[in-house]
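None of the figures in this text is laboratory data; all of them are computed from the coordinates on show. Note that this is a predicted model, so its numbers are computed, not measured. Virtual Cβ from ideal backbone geometry, glycine too; neighbours counted across all protein chains shown.
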Amino acid sequence: MWDKDYSRVLLGWDTKCPFLQEQPSSVIDRAANDIALWLEAEEHAARIARNPKLIGRFQEDVVPIRPLTGLTDAIVRAQADLPRQALRLQDRDRVEAALLAAAGLEALPLAAYSFAYHYVWRHRLAYSWRELHGHLCLFAESPDGLFMVALPLGPGPLALPLEAAFREMRRHNGDSSVTRVENVPEARVPELRALGYRLTCKDPDYVYAAADVADLAGDAYRAQRAACNRFSREQGSVLEPYGSPDKAECLRLFDEWVAQKRAAGADDWSQALLEDAGGAHETALTYHDALGLTGAVVRVQGRIRAYTLGLWLNPTVFCVMLEVADRQVAGVGAFIFREFCRQARSKGASWINTMDDSSLPGLVRSKQWYRPAQLLPNYIVTES
């Protein structure tokens, strides 16, 4: 089994085993010596190092007999030699389980703790993963270098897997400042500061009470309510489920929407993000089922004039990941957002996460317009 810090492999005996309880210590010592020699023989240590899940987690009711230094060293060497695996759609179950387990520690998880959040950006970032000290580590590579998109995911302390992950990034990046870990929730900040890491804030996630954005009640939501009422009065449309046959028409709407944004005077940063977003929308629309995304469209006179896609971060938090609405159809954006939030609320959502604002002034105004209940802190970790 591993020790508490996941830094050494230990040989121990289970205090619940009646046979061991009946034997004198000399018998146990001889047996432990024989077993340790067998486990640390080069052939056997190499086999276990290739399959480290054979080693159990630390258990309080198991008495440590001796450290298995040779086996520990074999595992460290094997992990250093393992290449990172390119992230594939087939990896969703494995990666998502690790992300959800980590997000499960948070009542309001960051949107980045979902597989789809990352997979849709594969056209811009080369994603890969590997296991380090029993933790799944998710990396992304840009033209600037390699970084991590979440903390190491797994049970036990972060010290060793995080140290190994930074070593991996330094080996790849040299002295580049790109070496970092993104999307760190506030709950992990004290532990990381205690380990000596530097933390800086990045754009927070916007979180709304589902009841607020579904009902749009009261003076605070008068303008949004009026926009929805106008759209319903003039168009009489309803929310419809998104399906694969809608993909081509949605992508045409995306191109129209980008042209509308440019015509309205989008700055250089906004235009760069719009160019990047096309591939993300196409991936999400193409693989929505495989990525666990729920989608909806709104038609006006038979043509799709708005679409949206989202996913569940946990049973009570729904994330609106993508939304596009024809800027020339009054109220359609407010309408699809309200109806999509109503749909999520009817299925158990208490909170709606709309991700961050990418430091875009227009997006900041739009997200603030809906009166977020919380701005969910998000941090970047670097070495001091």
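Please report the orientation-averaged projected area of the chain, defined via the convex hull of its C-alpha atoms, in nm².
Values: hull surface 91.0 nm².
Quarter of the Cα hull surface area: 22.8 nm².
Evaluated at q = 0.11, 0.18 Å⁻¹, a Debye calculation over the C-alpha positions of the range 206-376 (equal weights, vacuum) places log10 I(q)/I(0) at -0.43, -1.30. Here Cys201 and Ala264 are evaluated by their C-beta separation; at R0 = 45 Å the FRET efficiency comes out at 0.95.
In debye, nearest 20, what is the charge dipole magnitude of the chain about its Cα centre with +1 on Lys and Arg Cβ and -1 on Asp and Glu Cβ, if you could check? Please report the intermediate quantities before stating the final value.
Details: 44 positive and 49 negative charges, 197 e Å.
For the chain, the charge dipole is close to 940 debye.
Note on the range 80-122: Kirkwood hydrodynamic radius from all Cα pairs is 11.5 Å, rounded to one decimal. Using 0.36 nm per residue and subtracting the Cα-Cα separation, the extra length available between Asp289 and Leu37 on full extension is 85.7 nm. For the pair the range 203-217 and the range 58-126, the centres of their Cα atoms are 32 angstrom apart.
The amide H of Lys202, built 1.01 Å from its N in the peptide plane, has Asn378, Tyr379, Ile380 as neighbours under 5 Å, considering only residues 5 or more places off or on other chains.
Going by a ≥ b ≥ c, the root eigenvalues of the Cα gyration tensor, does the range 313-364 fall in the rounded group (a/c under 1.5), the prolate group (a/b larger than b/c) or the oblate group? Let's see the in-between values first.
On the way: a/c = 3.17, a/b = 1.34, b/c = 2.36.
Judged from the Cα gyration tensor, the range 313-364 comes out oblate (a/c at least 1.5, b/c at or above a/b).
Comparing Tyr287, Leu313, Tyr208 along the charge dipole axis of the range 206-376, the residue lying farthest to the positive side is Tyr208, per the Cβ-charge model.
Using 0.36 nm per residue, how much length does the chain from Gln271 to Arg252 gain when fully extended, once their Cα-Cα distance is taken away?
Details: separation 19, 0.36 × 19 = 6.84 nm, distance 1.76 nm.
Contour length minus Cα-Cα distance gives 5.1 nm.
Multiply the residue gap between Arg193 and Ser366 by 0.36 nm, knock off their C-alpha separation, and tell me the result in nm, one decimal place.
Details: separation 173, 0.36 × 173 = 62.28 nm, distance 3.39 nm.
Additional length available on full extension: 58.9 nm.
Here the peptides 281-292, 61-72, 254-265 are ranked by packing, the mean other Cβ count within 10 Å, and the order with the highest first is 281-292, 61-72, 254-265. Can you give me the Cα centroid spacing of the range 134-156 and the range 162-189 in angstrom? Taking the Cα centre of the range 162-189 as reference, the centre of the range 134-156 is 8 Å away.
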